[in-house]
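A short write-up of the structure that comes next.
The values are calculated or read from the model by the stated rules, or taken from the named source; none is laboratory data. Note that the structure is a prediction, hence the values are computed from the model and not measured. When we count neighbours, we look across all protein chains shown, and the Cβ atoms used for this are built from the backbone with ideal geometry, even at glycine. Accessible surface is based on the protein model in full, side chains and every heavy atom, while ligands, DNA and RNA are left aside. Shrake-Rupley method; radii C 1.70, N 1.55, O 1.52, S 1.80 Å.
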Amino acid sequence: MAVIEITAENFQSEVLESSVPVLLDFWADWCGPCKMMAPVVDAVAEERADIKVGKVNVDAEGDLAAKYGIMSIPTLVVIKNGEEVKRTSGAIPKSLVLELLQ
């Protein structure tokens, strides 16, 4: 499944009301580690048809970043049934991203 751009406008329908778990990648254009994580997040999105993967640009969506208390990027947050269940910050290998989704 393709990565979805998450904004304040589609957050409710794409994330909170999702029938499948959602992996959110909080990132920014200027962030080097975020650029390292982009292909990893894209690969997970392609491999896992049972989840939804969304990217939240913290510069464009500061309110969403604040709502989730994002202090550093990249931060990955797993949402199930509208609730945060796991999170990690910093660049991590694909194997650890997949572990987050267990």
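Quick notes
- Think of each Lys and Arg Cβ as +1 and each Asp and Glu Cβ as -1; about the Cα centre, that makes the dipole of the range 5-102 roughly 360 debye.
- Hull shadow area, averaged, the chain [alpha-carbon convex hull, nm²]: 5.6
- Theoretical gain in end-to-end length, Thr7 to Ala91 [0.36 nm per residue, Cα-Cα removed]: 28.0 nm
- Within the chain, percent of DSSP bridges classed antiparallel, to nearest 5: 60
- Solvent exposure of the chain, expressed per residue, is 51 Å² of accessible area, with all protein chains present and a 1.4 angstrom probe.
- Overall, the accessible surface of the chain at a probe of 1.4 angstrom is composed of carbon and sulfur to the extent of 54 percent.
- Candidate residues Thr7, Thr75: accessible-area rank, largest first, probe 1.4 Å: Thr7, Thr75
- With all protein chains modelled, accessible area of Glu14 [1.4 Å, Å²]: 50
- Only Lys, Arg (+1) and Asp, Glu (-1) charged, at Cβ; the range 36-83 dipole about Cα centre in debye: 120
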